[in-house]
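Notes to accompany the following structure.
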Amino acid sequence: MAPTTQTSIDENGLQNGCPANRRGVLRSVVSDLTSRPNPDKSVIGLALGDASAFPCFRSGRDALTKPVFDVVDSALSSTAYPPSFGYPFARRAVAEYLGCGIKEGEIYLTSGATQAIQVILSALAGPGRNVLLPRPGFPVYASTCRLAGIEPRFYDLLPLNNWELNPSQIMSLADSNTVAIMVTNPNNPCGVVFSRSHLLEIMEVAGKLHLPVIADEIYGHMTFGEAKFVPMASLASAAGSTPPVITIGGLSKRWMVPGWRMGWLAFSDPRRNIRQVMTAVDMLMNLALGPDSIVQVEVQTTILAGINDDMDFARELMEEESVLILPGSVIGLKNWVRIFFGAPVNMLNEAFDRIHSFCERRRLAQTLV
């Protein structure tokens with residue numbers, strides 16, 4: 001007999017702890033709650049994970065937003081609709097950011113990570129199929145499944161075991177109609193960052209079941225203390241049976257720009273086991289509008305901010321600001337730069353303004369990591 005999930009409506013009209021008529025619809029629940037404040041006290045909002053709402057987290061963002069205004073005046077921003085999968089240069093930038101051997105052609109740009117969730121679940125499954133979801137978990141997973149007629153089956157994240165899952169429960173929940181395992185890492189809402197060894201356990205059980213892993217990594221690299229984020233795609237060739245990994249990501253959390261609605265799907269499928277799923281995603285993306293052209297142009301500046309050494313610094317400064325400096329490595333001072341001051345003052349001022357702008361963009365991006 002196939003595993004089932006028990007549901008019941010209690011005397012308060014709650015189904016499994018959620019409003020029965022709006023179960024899983026996070027924003028409707030929050031909207032209902034915000035309509036009932038004590039009129040004598042100001043509201044303190046701690047429900048939705050949007051740090052960009054607070055001024056203390058917005059300092060210095062001019063370096064991130066100014067290029068957007070510059071792009072508005074460019075010829076590119078006034079063209080017709082962008083390609084369904086996103087501009088090639090924007091997809092290439094995301095592929096370079098993700099690494100793990102992922103190529104430009106395996107990237108699909110979406111209108112936020114939520115559209116990425118909707119597209120991949122619709123491409124993978126339909127009525128009669130099921131997907132294994134974490135509990136607790138992001139409500140959009142289950143809502144999207146139900147809209148598509150997909151059965152959500154829940155595996156538990158165990159608080160007494162550092163919010164890790166039990167691989168045996170995954171094995172017991174899956175059957176011939178299961179199409180994927182959803183893993184959220186770093187986790188929302190629990191906040192745990194799974195270790196490499198636990199991720200390998202998940203990959204092993206997915207391999208045994210011949211299931212792809214959908215890795216929601218919208219909070220990727222947002223870790224604290226000694227926790228280390230390991231992209232699931234980096235393990236795609238490390239696990240014995242090499243299950244495919246489909247990564248969901250976006251700009252909203254790490255760079256605190258949720259209103260930009262820039263997300264992505266990235267396929268890591270070394271054995272080409274789910275090529276037909278990519279074909280289905282192709283078709284779905286042709287029916288929907290992805291992120292707008294302005295944000296796609298800006299994504300290069302936003303996510304490719306890493307500089308490894310003085311050679312990178314000099315190269316990228318020249319490419320972006322046309323300021324020529326000498327990398328310190330050339331004269332035996334690695335990670336220093338040499339600037340010649342025997343030039344007219346107005347020229348030096350212009351050069352320093354450009355260098356400041358260049359550094360500020362990267363300072364902001366790294367601060368938001």
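The values are calculated or read from the model by the stated rules, or taken from the named source; none is laboratory data. What you see is a predicted model; the values in this text were computed from it and never measured. Here the Cβ positions follow ideal geometry from the backbone for every residue, glycine too, while neighbour counts run over all protein chains shown. Ligands, DNA and RNA are excluded from the accessible area calculation, which covers all protein heavy atoms including side chains. Shrake-Rupley method; radii C 1.70, N 1.55, O 1.52, S 1.80 Å.
Structure above, values below:
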read-out	value
Region 204-266: chymotrypsin sites (Phe, Trp or Tyr not before Pro) in DSSP loop, at most 10 other beta carbons within 10 Å	PHE224
Nitroxide proxy distance, nm - points 7 Å out along Cα→Cβ at SER237 and LEU46	4.6 nm
Spin-label proximity, ALA227 to region 185-204 - amide N less than 16 Å from point 7 Å beyond Cα toward beta carbon	185-199
Separation of the GLU96 and ASP312 label points, Cα + 7 Å toward Cβ, nm	1.1 nm
Region 137-203 - percent of accessible surface contributed by carbon and sulfur, probe 1.4 Å	55 percent
Base-10 log of normalised Debye intensity for region 78-163 (one unit scatterer per alpha-carbon) at q = 0.12, 0.19, 0.20, 0.25 Å⁻¹	-0.53, -0.95, -0.98, -1.09
Computed magnitude of the charge dipole of region 250-290 (debye, nearest 20; Cβ of K, R +1, Cβ of D, E -1)	160 debye
Accessible area expressed per residue, region 247-324, with surrounding protein chains retained (probe 1.4 Å, Å²)	44 Å²
